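Questions regarding the structure given below will be posed in turn.
Read-outs throughout are calculated quantities, based only on the coordinates presented, and are distinct from any laboratory measurement. Keep in mind that what you see is a predicted model, and the values were worked out from it rather than measured. Quick reminder, even Gly has a Cβ in these numbers, built from the backbone with ideal geometry, and neighbours come from all protein chains shown.
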Amino acid sequence: MTELLEPRAIGRDTVRRDGEAKVRGTATYAIETPVQHPAYVHPVQATVPLGRITGIDTSAAEAIEGVVAVLTHENAERLASTDDREFAVLQSDEVAFRGQVVAVVVAETSELARQGADAVEVTYAEQPHDSALRVDHPDLYKPEKINPSFETDTAEGDVAAAMATAHVTVEETYSTAMYHNNPLEMHATTALWDPSAEVPLTLWDSTQGVHPDRAAVCEVFGLEQEQVRVICPFVGGGFGSKGTPHAHVFLATMAARAVPGRPVKLGLTRQQMFSLVGYRTPTIQRMQLAADRTGRLQAIAIDVVEQTSRIKEFAEQTGVPTRMMYASPNRRTTHRLAALDVPVPSWMRAPGECPGMFGPEVAMDELAERLGIDPVELRIRNEPERDPETGKPWSSRNLVQCLREGAERFGWADRPPAGHREGAWLVGTGVASSVYPTMRQATSTARIRYEDGRYVAEIGAADLGTGAWTVLPQIAADALDVDEGDVEVRIGDTRYPIASVAGGSSGTNTWGSALTVAAREFRTKFGRSPADGDEVSGDVDQASKDDAHAAYAFGAQFVEVRVNVDTGELRVPRLYGVFGAGRIINPRTARSQLLGGMTMGLSMALHENSVWDTRLGQVANHDLAEYHVTVNADVGDMQAHWLDEHDPYVNVMGSKGIGEIGITGTAAAVVNAVHRATGIRIRDLPVTLDKVLTALP
Amino acid sequence: MKPFAFARPADAAEAVATVATEPRAVFLAGGTNLVDHLKLGVARPDLVVDVRRLTSREITDTADGGLRIGAAVTNSELAADRRVRERYPVLAQALLAGATGQLRNLATTGGNPLQRTRCVYFQDVSTPCNKREPGSGCSAVGGYTRYHAILGTSAALPDPTAPETCIATHPSDMAVALAVLDAQVQVLGPAGARTIPFAELHRLPGDDPSRDTVLEHGELITAIDLPPLPAGARSAYRKVRDRASYAFALVSVAAVVADGEVRLALGGVAHKPWRASRAEEALRGGPVADDAVRHAMDVELTTAQPQPGVDGGNGFKIPLVTRTVVATVRDLTQETQA
Ligand SMILES: Cc1cc2nc3c(=O)[nH]c(=O)nc-3n(C[C@H](O)[C@H](O)[C@H](O)COP(=O)(O)OP(=O)(O)OC[C@H]3O[C@@H](n4cnc5c(N)ncnc54)[C@H](O)[C@@H]3O)c2cc1C
Ligand code: SF4
């Protein structure tokens, strides 16, 4: 148990510290980094999904005035490590997926680089490829672990026996589509290789973590940490796609090393992002639920089939939330992968929990329907006292309170009957639970210095637009017991002490813990009247730690859906979320995170779908005009609320992390509402109007 | 992307002459479609001729009680014009259902009907496409066909390798409204001026899918004329799409209901704005109750060809377009009775 920081700055609705610079346009993003006389890099992408390059003719590109260099596997430098085949750019003639980079053109302007890229002639020996995920794919295999290091399969009791004897069962298959993260700011790297400088390589990269970025680049190029500096003050969103570097970071570095002393800029196009920066695998989820007549679960099982790329494994942990969400004596989760000739999947906002709270939460609704029990009540009846997976007590678990408060705010008790019609619209309401684990990373250090009468804290953290610039000073102020205005926090540079990746909703928990350790050390060492230049560092591993509890944030989402009786068009007049996510550091940035997550969940429910063209081996709708994300007009009243939750086990701030929970459960709530409106149970996302058309009068 | 020369002629005649003499020249208006295509390599002109300031930006009353819209009038200006909103609600509604405010501020009356298909394969130069590269084949057949045609396609079961195959749709909302309004297109070409009935401006793919319209190289749209609608006529545009805003139509309907007459044009179903003349014929003089409209649409859709595809195909468009027409006509007639 930890004594929580006395909240003074924490909990205040302060404005974003970076807001003004962003609104004025003075915040510089990676591609805009002001550098002297930059060259521009444009990739050439493979146009076959599998095969070998039989020839690359770069002469036409090189003949263009203004083209500085063309790099291919034939002339590119040999990398120190090619273990990671996504990172091993331009090292061989193999093409492992369509869209893979086979050359880059470096030129005086971005237009010339693009023109040069068009002029590179590549011939291939194409091989038959396999890019279609199927539940009965013959090569399904069991990965050793699932992201990041969970057991692949778990089992307890006998699910089959419970299914055979239970009062009511649900056995259905659900699927989620392929999704692309699509942050607003496209991935970009500005790179400078100056061999004579003390730090020869500088990268201005749009990344969720400057230190992890640097580590990967050092490994691939055989450089020492001291030889590389990564800078990233601002990020225009990442949603996991900037959590690890992707091919373009290595290509930019390689291009910079090919023109020593001259900075280069590589900005991916939106279309290129659909094959080069990760995506969420499609998932197929076979669910089994068994319950007694009171609704108590006797069995819960999920068998997941999903894909990875043949060159690099990423195993989305889709079944993981089923392991802990509800009480049940018999349980099973499995994950099987098909390794296909496809781009490399990766993290996308709430990997695991986001797809993994779809099938189960729709299945719970189907179970409630078959039992004739209210779906809110059904969830409450299956509330586990301890974590069913580990047997540990919860650090705090307020799912029931979230459900109750949400039901109250939404007016759930008075919801209209199934099939209710108002004018040209069928009206339905739905509910689903949300969950996200509370995490803290093992590595992060903060340095605090007293400078010109202020406290300056430095840590290589990242703000993806999430609010780190704003909330870290709040935490530091309370930890130092000073006014927020007396604290400055500097982030986004490897010159500052090491910080973990902004991922897993762990940033604030981790960096905030390091800051509080440093603050405590500072006060111990220098008291309350420090001298100018006094400085200490603090590591997260010195922060109090609790392994005795299972720590998660929970939530409940309620949605009202309208379906047009003539056309099947879907609208969402109301979407409410209530979350128990520990102490909220800043209500303003928190609200944006939760609403943002819910919006993305709604988007997944109704629109998002990277349509995979199995013939070509690529996403057909690869731009934002055709890959639809939810727009404002789709939704009416969106609200995010939170409980005043006090959790003394998670960390000294009492915070659980809020970046991802909002996206979990939303899509299931929408599907459940559409069922109530129309009587149709849509088990395959997205819910598009053609899927409800046949049910309309 | 490839370099091109850029010209800003003094007047429309010079612009026409400039384009006519250069086989790989194009006109540039708002640029909201063309500039994308330049970047993607879909359009590879040698010369881009800016006509933005060379045609009229006025909307004027015509002697017959209609309107003449200069080709440079923006979509925003046109949709906001009081005369358009009062006399041709179908047009104002169609314009406002298209794109976004920012795009409509740039998009022009001449450019909008000439925007090219949104077929994803057309826009991806790494895939075969008869429209972009004649004779290369059609990648859409059997591919992602959600936004593709069900009417007027080249063959019953299109052959993806045949040079005439194209199942693309025309994406403009405005054009569907102009088709139902019997608009006339004023054109200036190397051989002088001519008038083209709007319904004849766009082509079906026929044996040359690369040609969207009947315009000859160098022909410039200078204005579009709207004839008056019959007294008491009501009109509306209904667009059904995958999200509430900022998406192209899955199907759309432009309808005019006047005494004893129903006029219908359909979007999202064919290579051109589709005037549903068979349905109009079936409804002429008769009652316009739901059943009658449904029946008329059955007649219209007898030749419809749903396309299978990797995403489940577009067969849903057949019931969807009928339902949308029925609802639109119902709303208009109820409005008339009220
Ligand atoms: C993301 C996005 C979403 C969109 N959504 C919609 C939508 O929902 N509905 C919709 O209808 N549209 C939509 N649009 C398309 C938009 O309406 C068109 O791009 C626009 O109307 C084109 O007009 P422009 O003046 O910009 O044409 P330009 O891009 O300048 O030109 C288009 C074509 O017309 C030719 N041209 C232009 N003017 C003339 C002329 N006077 N005479 C002869 N040829 C000429 C050009 O050479 C070019 O080939 C969308 C566009 C984008 C980018
Ligand atoms: S449908 Fe037409 S535009 Fe699309 S790929 Fe086929 S030929 Fe090209």
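Once you have the Cα-Cα distance between A:H641 and A:A413, take 0.36 nm times their residue separation minus that, and quote the gain in nm to one decimal. Each step should come with its number before you reach the end.
Working: separation 228, 0.36 × 228 = 82.08 nm, distance 1.89 nm.
Separation in residues times 0.36 nm, less the Cα-Cα distance, equals 80.2 nm.
Could you tell me what % of all Cα pairs in the range B:53-338 have separations over 28 Å?
Details: 14356 of 40755 pairs.
So the portion of pairs separated by more than 28 Å is 35 percent.
Which order do the peptides A:502-513, B:108-119 take when ranked by the mean count of other beta-carbon atoms within 10 Å per residue, highest first?
Working: A:502-513: 28.1, B:108-119: 24.7.
So the peptides A:502-513, B:108-119, ranked by packing, come out A:502-513, B:108-119.
Moving on to the next point. Taking springs between alpha-carbon atoms closer than 10 angstrom, which of B:Q123, B:Q93, B:Q102 fluctuates most in the Gaussian network model of chain B?
Answer for the Gaussian network model of chain B: B:Q102.
Can you give me the distance in nm between label points at A:D158 and A:R78, each placed 7 Å from the Cα along the Cα-to-Cβ direction?
6.0 nm
Show me, for the range A:92-106, the HN-Hα J-couplings you get by feeding each phi into the Karplus relation (A = 6.51, B = -1.76, C = 1.60, θ = phi - 60°), rounded to Hz, glycine and proline as x.
Here the 3J(HN,Hα) series is 7, 8, 7, 10, 9, 7, 5, x, 4, 7, 10, 6, 10, 10, 10 Hz.
Taking 20 Å as the cut-off for C-alpha to C-alpha distance, list the pairs among A:K142/A:K656; A:K142/A:K312; A:K525/A:K545; A:K22/B:K39 that go past it. Don't skip to the end; give the middle numbers.
Numbers: A:K142/A:K656 32 Å; A:K142/A:K312 15 Å; A:K525/A:K545 23 Å; A:K22/B:K39 28 Å.
Violating the 20 Å limit, Cα to Cα: A:K142/A:K656; A:K525/A:K545; A:K22/B:K39.
Please list, in order along the range A:600-613, the HN-Hα scalar couplings obtained from phi with the Karplus expression 6.51 cos²θ - 1.76 cosθ + 1.60 (θ = phi - 60°), rounded to whole Hz, x for Gly and Pro.
Coupling constants for the range A:600-613: 5, x, 5, 4, 5, 5, 9, 10, 5, 5, 7, 6, 8, 8 Hz.
Assuming R0 = 30 Å, what is the FRET efficiency of A:K22 and A:T109, from their Cβ-Cβ distance, to the nearest 0.05? Please report the intermediate quantities before stating the final value.
On the way: r = 27 Å, r/R0 = 0.90.
Rounded to the nearest 0.05, the efficiency is 0.65.
Pull up all non-local amide H partners of B:G137: gap of 5 or more, or a different chain, and H-to-H distance under 5 Å with H placed in the peptide plane.
Excluding prolines and chain starts, which carry no amide H, the hits are B:C129, B:N130.
Now for a separate question. Tell me the Kirkwood radius of the protein assembly as shown: reciprocal of the mean inverse pair distance over distinct alpha-carbon atoms, in Å. Please list the in-between numbers first.
On the way: mean 1/r = 0.0325 Å⁻¹.
Kirkwood radius, the protein assembly as shown: 30.8 Å.
Moving to a separate point now. Which distance in nm do the two modelled labels at B:K39 and A:D534 give, with both placed 7 Å along the Cα-to-Cβ direction?
5.4 nm
Across the range B:25-36, in residue order, what do the Karplus-derived ³J(HN,Hα) couplings come to in whole Hz, using 6.51 cos²θ - 1.76 cosθ + 1.60 with θ = phi - 60° and x for Gly and Pro?
With the stated coefficients, the range B:25-36 comes to 10, 9, 7, 10, 10, x, x, 5, 9, 5, 5, 4 Hz.
Ranked from highest to lowest mean number of other Cβ atoms within 10 Å per residue, what is the order of the peptides A:210-217, A:307-314? All intermediate terms of the calculation are to be shown ahead of the outcome.
Working: A:210-217: 23.9, A:307-314: 20.6.
Ranked by mean Cβ neighbours within 10 Å, highest first: A:210-217, A:307-314.
May I pose another question? Take the alpha-carbon centre of the range A:370-385, take the same for the range A:479-533, and report the distance between them in whole Å.
When both Cα centres are located, 44 Å separates them.
Between A:R293 and A:T694, what FRET efficiency follows from the Cβ-Cβ distance if R0 is 45 Å, with the result rounded to 0.05?
On the way: r = 33 Å, r/R0 = 0.73.
Efficiency, from the Cβ-Cβ distance: 0.85.
Of the trypsin sites (Lys or Arg not before Pro) in the range B:234-298, which ones lie in a loop per DSSP and count no more than 12 other C-beta atoms within 10 Å?
Details: sites: B:R234, B:R238, B:K239, B:R241, B:R243, B:R263, B:R275, B:R278, B:R284, B:R294; in loops: B:R243, B:R284.
Sites meeting the loop and neighbour criteria: B:R284.
Roughly speaking, what is the centre-to-centre gap between the range A:9-61 and the range A:344-369 when only Cα atoms are used, to the nearest Å?
The range A:9-61 and the range A:344-369 have Cα centres separated by 32 Å.
Of the DSSP beta bridges with both residues in the protein assembly as shown, give the percent that are antiparallel, rounding to the nearest 5.
On the way: 131 of 170 bridges.
The antiparallel proportion sits near 75 percent.
The range B:5-50: percent of C-alpha pairs farther apart than 15 Å? Can you show the working numbers first?
Working: 398 of 1035 pairs.
That tail contains 38 percent of the Cα-Cα pairs.
As a test of the formula, what do you get for the protein assembly as shown when each DSSP H run with n ≥ 4 contributes -39,500 (n - 2.57) and the sum is divided by the residue count, at 222 nm and rounded to the nearest 500 deg cm²/dmol? Before the final figure, lay out each step's value.
Working: 28 runs with 264 residues, N = 1035.
Roughly -7500 deg cm²/dmol at 222 nm, from the helical runs in the protein assembly as shown.
Next question. How many angstrom lie between the C-alpha centres of the range B:248-322 and the range A:621-696?
The distance from the Cα centre of the range B:248-322 to that of the range A:621-696 comes to 34 Å.
Please work out how much length the chain gains when fully extended from B:V214 to B:D298, using 0.36 nm per residue of separation minus the C-alpha to C-alpha distance, in nm with one decimal. Write down the numbers at each step before the final one.
On the way: separation 84, 0.36 × 84 = 30.24 nm, distance 2.94 nm.
Full extension of this stretch gives 27.3 nm more.
Under 5 Å between amide H atoms, partner at least 5 residues away or on a different chain: which partners does A:Y552 have, H built in plane at 1.01 Å?
Close amide H contacts, sequence-distant or interchain: A:S395, A:S396, A:T438.
Next question, about the same structure. Suppose each label sits 7 Å from its Cα in the direction of the beta carbon; what would the A:T334-A:D684 distance come out to in nanometres?
Going by the 7 Å Cα→Cβ label model, 2.2 nm.
Another question about this same structure. Under 5 Å between amide H atoms, partner at least 5 residues away or on a different chain: which partners does B:T222 have, H built in plane at 1.01 Å?
Under 5 Å from the amide H of B:T222 lie the amide H atoms of B:Q186, B:V187, B:L188, each far enough along the sequence or on another chain.
Right, something else. Please check: in the Gaussian network model of chain B (C-alpha springs, under 10 Å), which one of B:V73, B:V214, B:V141 has the largest mean-square fluctuation.
B:V214
Where in the range B:206-302 are there GluC sites (Glu not before Pro) that are in a DSSP coil and have at most 14 other Cβ atoms within 10 angstrom of their Cβ?
Answer in residue order: B:E216.
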